[in-house]
Amino acid sequence: MSWSREEALTDPAVKEPMIFVSEFRFNLRDIPTEITMRIYRPLQSSRIIVRRSHNLSIPELGAPPAAKESETGSEGEALHGAVDEMVRYYNEARTKGLKPDASWLVPNANFA
């Protein structure tokens, strides 16, 4: 019997199977730490999930916006939303005269 990728992960013991779609890497201006964004799609859904290697945390600004999973089927929209959340927070700090620092990027413990 020939198995599809989706069929290979249908055993009830397998929970939340996802397929890796793509990966993107970039830096924020004046911070040398590389940020990685990975896009996944749950096998039984059209949702897109973006996971990032780092979260932005700027103590002088308070809590950063919570990262959201996208409900759209568009990879571009999901990636844009994840990057935009981070960039808006970064730009807000720059507007307030804060100097970018590598300490603003906190490794995401759930990023694998």
Subject >> Those residues of the range 29-59 whose amide nitrogen sits under 15 Å from the label point placed on ILE19, 7 Å along Cα→Cβ >> reply: 39-49
Original post:
Among (i) 9.3; (ii) 8.4; (iii) 9.8, which is the computed mean projected area of the Cα convex hull in nm²?
Top reply: (ii)
Original post:
For ILE58, ILE19, what ranking results if the residue with the fewest other Cβ atoms within 10 Å of its Cβ goes first?
Top reply: ILE19, ILE58
Subject >> Distance between modelled label sites at SER2 and VAL87, nm, 7 Å Cα→Cβ extension >> reply: 4.3
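Each value in this text was obtained by applying a stated rule to the coordinates, not by laboratory testing. These numbers were taken from a predicted model, which means no experiment stands behind them. Glycine gets a Cβ as well: all are built from the backbone with ideal geometry, and neighbour counts include every protein chain shown.
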